[in-house]
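*Asks:* Starting off with a structure, shown below.
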Amino acid sequence: MPIIAPSLLAADFSNLRHEMHDVSSAPWLHLDVMDGHFVPNISFGMPVIKALRPHSPAKFDAHLMVEPVDPLLEAIAKAGVDHITVHVEGNPHLHRTLQTIHALGCKAGVAICPATPPEALSYVMDLVDIILVMTVNPGFGGQKFLESQLPKVRTLSKMIAQSGRDIVLGVDGGIDATTTPRVTEAGATMLVAGSSIFGKEDRAAAITTLEQASVS
Ligand code: DX5
Ligand code: ZN
């Protein structure tokens, strides 16, 4: 079964602690940090993550859509996240960034936008713990899944197998009961889902639906 990572971006921001509790059957919580510069939207940052941290046992999975990212790494780690995922785009020193994330005691992730080829990750396969294929353009929840990204998931799945390392392959954007079988068949082992979980009345049932829709 894939790891389900509910994206708090789709939650009711006036009630975050309760919303987080409502998805506690999922092992990860996906936290989208946006700066209004790398992406055309602003979400939440370290103070909010720090406030939520004591109230959940989930792995806090931060997805940083900020540029530059390096100056924020220490503060985001101190806010209590377990994973820090940065974008391959707009970061000429990605290799060093991943080393820094490890030095801070976190798992290191790399997110890859729809227009970026999978080979952009070729020379960091020895450092990366999580690969996050964006199946929408980052910045907003509730967008339509981009079919064009399926071959990229396949290619990265093969690259992971060749590396011989235990790397989580996630997908982010437009993931629901219809797209889940397609991405898991292509090799995804982690699913980020915002609207298809928080948009439902029964969030625990929505999480189970995604787990069961997967092709293992
Ligand atoms: C988009 C974010 C996603 C977003 C996904 O930039 O990275 O995590 O919350 O939202 P849905 O699941 O609604 O497409
Ligand atoms: Zn995300």
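*Asks:* Under a 5 Å amide H to amide H cut-off, with H placed in plane at 1.01 Å, what residues pair with Phe38 once short-range neighbours are removed?
*Replies:* Here Glu67 satisfy the definition.
*Asks:* I want the local charge near Asn41. Using Cβ-Cβ distances under 14 Å, sum +1 for each Lys or Arg and -1 for each Asp or Glu among the other residues. Present the calculation step by step, with values, prior to reporting the outcome.
*Replies:* Working: positive: none; negative: Asp32, Asp35, Glu67.
It works out to a net charge of -3.
*Asks:* Work out the length of the dipole vector of the stretch 114-199 about its Cα centre, built from +1 on the beta-carbon of each Lys and Arg and -1 on the beta-carbon of each Asp and Glu, and round it to the nearest 20 debye. Please list the in-between numbers first.
*Replies:* Details: 6 positive and 8 negative charges, 35 e Å.
Approximately 160 debye in magnitude.
*Asks:* Find how much the distance from His102 to Ala161 grows on full extension, using 0.36 nm per residue of separation minus their present alpha carbon separation; answer in nm with one decimal.
*Replies:* Values: separation 59, 0.36 × 59 = 21.24 nm, distance 2.19 nm.
Here the answer is 19.1 nm.
*Asks:* Name the residues whose placed amide hydrogens come within less than 5 Å of the amide hydrogen of Ile3, ignoring near sequence neighbours (fewer than 5 apart) on the same chain.
*Replies:* The answer is Met190, Leu191.
*Asks:* Where Lys and Arg each count +1 and Asp and Glu each count -1, what net charge lies around Val192 among other residues with Cβ under 10 Å from its Cβ?
*Replies:* Value of the local net charge: -3.
*Asks:* Here's something else I'd like to know. Starting from the Cα-Cα distance between Ala177 and Ser24, subtract it from 0.36 nm times their residue separation and give me the gain in nm to one decimal. Kindly include the intermediate steps, with their values, before the conclusion.
*Replies:* Working: separation 153, 0.36 × 153 = 55.08 nm, distance 1.94 nm.
My answer for the length gained is 53.1 nm.
*Asks:* Next question, about the same structure. Give me the net charge for the shell around Val136: Cβ to Cβ below 15 angstrom, other residues only, Lys and Arg +1, Asp and Glu -1. Let's see the in-between values first.
*Replies:* Details: positive: Lys144, Lys152, Arg182; negative: Asp32, Glu89, Glu147, Asp172, Asp176.
Local charge sum for Val136: -2.
*Asks:* In nm, to one decimal, how far is the Gln143 label point from the Arg17 one, both placed 7 Å along Cα→Cβ?
*Replies:* Label at Gln143, label at Arg17, 3.3 nm between them.
*Asks:* Run the dipole for the chain about the Cα centre, Lys and Arg Cβ at +1, Asp and Glu Cβ at -1, nothing else charged, and hand back the magnitude in debye, nearest 20. Walk me through the numbers on the way to the answer.
*Replies:* On the way: 15 positive and 22 negative charges, 45 e Å.
About 220 debye.
*Asks:* Count the lysine pairs in the chain that are 8 or more places apart or on different chains: how many have C-alpha atoms under 14 angstrom apart? Walk me through the intermediate numbers first.
*Replies:* Working: Lys50/Lys59; Lys50/Lys78; Lys59/Lys107; Lys78/Lys107.
Going through the chain pair by pair, I get 4.
*Asks:* Another question, then. Mean residue ellipticity at 222 nm from the helices of the chain, using -39,500 (n - 2.57) per DSSP H segment of n ≥ 4 over the full residue count, to the nearest 500 deg cm²/dmol? Don't skip to the end; give the middle numbers.
*Replies:* On the way: 8 runs with 66 residues, N = 216.
The per-residue figure over the chain is -8500 deg cm²/dmol.
*Asks:* Between the stretch 146-179 and the stretch 27-73, how many Å separate their Cα centres?
*Replies:* 22 Å
Only the coordinates and a few stated rules stand behind these numbers; no lab work does. Please read all numbers here as calculations on a predicted model, not as lab measurements. Cβ atoms come from the backbone with ideal geometry, glycine included; neighbour counts cover every protein chain shown.
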